[in-house]
Protein chains: 2
Amino acid sequence: MTLTARRPSARPAARREAEDAGAERSSEGSTEHVVTHVRTLIERGALKPGDRLPAERDLATQIGVSRPTVRAGLRALSAMGVVRSRHGSGTFIPSGPPQLGSEPLGFLAALHGFTREEMYEARRLLEVGAAGLAATRATPEQLATLAEEVANLFASMDDPQKFLLHDIDFHRAVAAASGNPIVGTLVEMVSELYYGRRRETAARATEQNLRDSSEMHRRIYQAIRGGDAGGASAAMNEHLQKSSAYQAEESGGATV
Amino acid sequence: MTLTARRPSARPAARREAEDAGAERSSEGSTEHVVTHVRTLIERGALKPGDRLPAERDLATQIGVSRPTVRAGLRALSAMGVVRSRHGSGTFIPSGPPQLGSEPLGFLAALHGFTREEMYEARRLLEVGAAGLAATRATPEQLATLAEEVANLFASMDDPQKFLLHDIDFHRAVAAASGNPIVGTLVEMVSELYYGRRRETAARATEQNLRDSSEMHRRIYQAIRGGDAGGASAAMNEHLQKSSAYQAEESGGATV
DNA sequence: ATCTCCGTTGTGGTAAGACCAATCATGGCT
DNA sequence: AGCCATGATTGGTCTTACCACAACGGAGAT
């Protein structure tokens, strides 16, 4: 009770100021202002991967909106994978390779019922090309990573779950070796979606499957190492088609 | 600074209830609860494209969090393209083809400096495959759409901006004709990024460029129509490589 | 002198209530 | 019957307050 203010005259107002932080579209909501503001900072070079954004309260005064609105904008950026917030520490722009996050694709999959065949097909288009590019561009380090992942595959034929992880890692490495970050990002996105599904059924794979799979990966690696773009693409194509066929068998005519 | 009220009474509490809406991970923040809740609704089939979500205030009571938290979750979903809010009307799940939005990719481009060549390369990988698939699967309606877009291209050779729009539309149509929604979504995403950049420099294209481009699109269409997967892929490949080369010339040795 | 512990401080995370703005449906008026 | 005003519904924003986590730094113990 006492004197908890209770000012009945609360005047919100005072908001149409601070319209100067560069490139303001007038037809935008306040939340979009936040997003475009951050985008402007990025395009100006004021924000680079690994940097920390100003505190939410500071951003709020800078842009001229309230903190919840700033939070809404940051939440949107976070969902897009552009920033990552760490409680108590701050909001950062992720360093490392560009990444898009597979959650959006996962939602689309749930909404539109993407089939396993469609996922394999999408992977095939991307990764067949990526393998070809990798054959002509892979650096020695990337080749070493690929070789290591092939070894890991052979070494984990007794554990389907571990095998699956290394499987994904190999394909990721191929995408990275393509030297094209956009391709790498797309492959990463689809691979994550694939992994999320495959994880549940990986245990059904027979040891023969895993052996064949390891061998196919090895052939892909060798083609890439030899600079044989056509061979790498062909090997990747064969691998993904066979894998798709294997899994169609596994699930029989019943489940999806 | 010492005695700032410090009212010990405030009892917000009352939140660890309502933990029943299915599949709750305990290690999640409240905002993630909202996202997983919606995801659960989708996976249950309670929400399909075109449906309207419960009002924010209702969702808040259903999930057991405050409205700002619900808004944060919805904002995240909105940024992912999973939902779309219309002021005064409600929050909906977009109908129509699956779509991912190019904004995240745009941010990544700004952050990591994707080059035009990399964009063309990514498009090439995806669309060469998409063209091949389209050749074997395109429905009569899709073929009609493609034919129409080719005609539009020839008809707008005098207006580079309009030409660019139809150009994008044609490639979108090819992706749609591939019959694979994932491929369609990815192509859409990269194409939008491409369009956003190309728009600024499209005016530099010579009429000869546009004429050549129209002709190449026509050849792609004819190969698809003829069911010639190899031909369609080859034509698309040639088209994208030549386009990339043209634009490298346009910008000369100076600008990016 | 060094190390450990703990509090201060800054940061993101959540909550509650109020009001604004756009939309839509409904009822009364013409 | 048709048109327009009005209210209810719903998303959008602001304000304030408090909680939770993390890093920094000083005080005490060893």
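The values are calculated or read from the model by the stated rules, or taken from the named source; none is laboratory data. Just so it is clear, the structure is predicted and the values come from calculations on it, not from any experiment. With ideal geometry, Cβ positions are generated from the backbone for all residues, glycine too; neighbour counts draw on all protein chains shown.
Observations on the structure shown:
- For B:ARG218: the one exception among (1) in contact (Cβ under 8 Å) with a residue 40 or more places away in the chain; (2) over 15 Å from B:MET236 (Cβ atoms): (2)
- Check on A:ARG172, within 14 Å of chain B (Cβ to nearest Cβ), among the basic types (Lys, Arg) and part of a helix (DSSP H, G or I): no
- If only residues of region A:72-91 that are within 11 Å of DNA strand C (Cβ to nearest atom) and in contact with a Pro (Cβ under 8 Å, 6 or more places away or on another chain) are counted, the one that is farthest from the other protein chains (Cβ to nearest Cβ) is A:ARG84.
- When residues in region B:162-192 are screened for being of a type in the set (S, T, N, Q) and free of Cβ contacts under 8 Å to residues at least 60 places away in the same chain, 2 of them pass.
- Scan of region B:121-148 for residues that are more than 27 Å from A:ASN180 (Cβ to Cβ) and touching a Lys or Arg at 6+ places or on another chain (Cβ under 9 Å), ordered by number: B:ALA138, B:LEU143, B:LEU146, B:ALA147
- Taking the conditions (1) near DNA strand C (Cβ under 8 Å from one of its atoms); (2) surrounded by 15 or more Cβ atoms within 10 Å (Cβ to Cβ); (3) on the phi < 0 side of the Ramachandran plot in turn, B:GLY64 satisfies each one other than (3).
- Odd one out for A:ARG199 among (1) under 19 Å from A:GLU149 (Cβ atoms); (2) surrounded by 15 or more Cβ atoms within 10 Å (Cβ to Cβ); (3) at pLDDT below 95: (2)
- Scan of region B:92-145 for residues that are away from chain A (no Cβ under 11 Å) and either among the β-branched types (Val, Ile, Thr) or free of Cβ contacts under 8 Å to residues at least 40 places away in the same chain (or both), ordered by number: B:THR136, B:THR139, B:PRO140, B:GLU141, B:GLN142, B:ALA144, B:THR145
- Tally of residues being in contact with a Leu (Cβ under 7 Å, 6 or more places away or on another chain) and more than 20 Å from B:GLU200 (Cα to Cα) across region B:145-173: 1
- The sole residue among B:ARG57, B:ARG75 that is surrounded by 15 or more Cβ atoms within 10 Å (Cβ to Cβ) and either within 14 Å of DNA strand D (Cβ to nearest atom) or more than 23 Å from the chain's Cα centre (by Cα) (or both) is B:ARG75.
- Filtering region B:183-201 to residues that are polar (S, T, N, Q) and either touching a Lys or Arg at 6+ places or on another chain (Cβ under 8 Å) or in a helix (DSSP H, G or I) (or both) leaves B:THR185, B:SER191.
- Some residue of region A:40-47 being charged (D, E, K, R) and more than 16 Å from DNA strand D (Cβ to nearest atom): yes
- Residues satisfying the stated conditions in region A:42-71, i.e. facing chain B (nearest Cβ under 9 Å), in contact (Cβ under 8 Å) with a residue 12 or more places away in the chain and within 16 Å of A:THR31 (Cα to Cα): A:ARG71
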